[in-house]
1. May I ask you to list the residues in segment 128-138 that are open to solvent by 20 Å² or more (accessible area, probe 1.4 Å) and either at pLDDT 95 or above or not assigned by TED's automatic domain parsing to the domain that holds VAL34 (or both)?
2. Would segment 27-40 turn up any residue that is among the small types (Gly, Ala, Ser) and under 18 Å from LEU134 (Cα atoms)?
3. At pLDDT 95 or above and among the acidic types (Asp, Glu) - does that describe any residue in segment 1-10?
4. One residue is enough: does segment 68-75 have a residue meeting the conditions assigned by TED's automatic domain parsing to the domain that holds THR115 and either closer than 20 Å to LYS124 by Cβ or open to solvent by 90 Å² or more (accessible area, probe 1.4 Å) (or both)?
5. Suppose the filter is farther than 19 Å from VAL183 by Cβ and open to solvent by less than 80 Å² (accessible area, probe 1.4 Å); does ARG280 pass it?
6. Scan segment 259-304 residue by residue and report those that are part of a helix (DSSP H, G or I) and in contact (Cβ under 8 Å) with a residue 40 or more places away in the chain.
7. So the check is Cβ under 6 Å with 6+ separation or different chains; which pairs have a first residue in segment 166-183 that's of a type in the set (S, T, N, Q) and a second one that's within 16 Å of the ligand (Cβ to nearest atom)?
Amino acid sequence: MNDASRPRERSALTGFAVNMLDRREDLRNKPDAVNALRHRSDTRIAVVAGETPILKRLDGEALSVWFSHGETQSLGDGLEEVFLGLAPDGAPRFARLLDRSLADGLRERPELFVTDLRSVALKKLVPKDELGPLGQGKALLDWHARHRFCAQCGGPTTSGAAGTKRECSACGAQHFPRTDPVVIMLVTRGETCLLARQARFAPGMYSCIAGFIEPGETFEDAVRRESWEEAGLRVGTVRYIASQPWPFPSSLMIGCIAEALNDEIVLDTTELEAGRWFKRDEALQMLESAHPDGLTSPQHLAIAHTLLRAWAIEGERA
Ligand SMILES: [Zn+2]
């Protein structure tokens, strides 16, 4: 998918969303073709040890997720390998899983940089068009690591179709990677919006509320249910704004703006430690890191940032 085909989508502004790879579903069931791609000189491989990305130092401060075959040889044995797709120049891209115990040893190597995936995104450690494929690879490899046995009969499973499914050797069942949909919403009431914080957030940071979609729910209904459960707010209109792949471990964030029908907030204090209505001016100050009390909003990569910008700056409403 190239940038020209999605020129105005807000989703493309979120972290992990820029992914220029052509996934080439047609090649996945052709083992000989995938094997040939694996051994090309221009093939590049993203490497993850457990859940930790292994990055390569380029000249100077720059880092990259992509290793050549030769460079991966000394990193350790691959437990799984998945085909991600072809880069715009046609070069194949794969992702490889190493045992999580190798991460600490690799951290000591001067030619490598080892850190968690959130930090890679937050600190913009790699080019934007490498972050999407890294998230794709990490989500897929996580799924493989957690699905070694068949959910139907308990038998061992093996990777198939270039890493895009697992097959049970006992009963023959096929299992496919899961993506877990989550709604995240900026609940508004006229010229105010609800922002809340969890205890684990950085001090002073407030964000949108969110929750997993349950079986049998539309995303609009999930927004209404979560707004009621977490904040005691009845919500009317819900409007979709943007989405974001969120590979922790395999979510898809569906970002909405919603209009509340009542004013009084009743927080679910098991999930949230604070939350209140913020005026638009205050939201703008938080986006600009200029709030008089030092309150902040999520950073650029987060879809909550995109939602708050859409409402406070771009005038979007439910
Ligand atoms: Zn089975």
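The values are calculated or read from the model by the stated rules, or taken from the named source; none is laboratory data. It should be emphasised that the depicted structure is a prediction, and the values quoted were computed from it without experimental measurement. Note that each Cβ is placed from the backbone with ideal geometry, even for glycine, and that neighbours are counted across all protein chains shown. When the accessible area is computed, the model is the full protein with side chains, heavy atoms only, and any ligands, DNA or RNA have been set aside. Shrake-Rupley method; radii C 1.70, N 1.55, O 1.52, S 1.80 Å.
1. The answer is GLU130, GLN136.
2. Within segment 27-40, not a single residue is among the small types (Gly, Ala, Ser) and under 18 Å from LEU134 (Cα atoms).
3. Within segment 1-10, none of the residues are at pLDDT 95 or above and among the acidic types (Asp, Glu).
4. Checked segment 68-75: at least one residue is assigned by TED's automatic domain parsing to the domain that holds THR115 and either closer than 20 Å to LYS124 by Cβ or open to solvent by 90 Å² or more (accessible area, probe 1.4 Å) (or both).
5. Yes; evaluated as a whole, the condition is true for this residue.
6. Our first condition is that a residue be part of a helix (DSSP H, G or I); within segment 259-304, this holds for 280-287, 303-304.
Hits for segment 259-304 are ARG280, ALA283, MET286, ILE303, ALA304.
7. Hits for this filter: SER169/GLY155; SER169/PRO156; GLN174/LYS165; GLN174/GLU167.
Here's the yes/no breakdown for (1) at pLDDT below 95; (2) over 26 Å from the mean Cα position of the chain (by Cα); (3) of a type in the set (Asp, Glu):
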position: SER251; (1), (2), (3): no, no, no
position: ALA258; (1), (2), (3): no, no, no
position: ASP268; (1), (2), (3): no, no, yes
position: LEU272; (1), (2), (3): no, no, no
position: GLU282; (1), (2), (3): no, yes, yes
position: ALA290; (1), (2), (3): no, yes, no
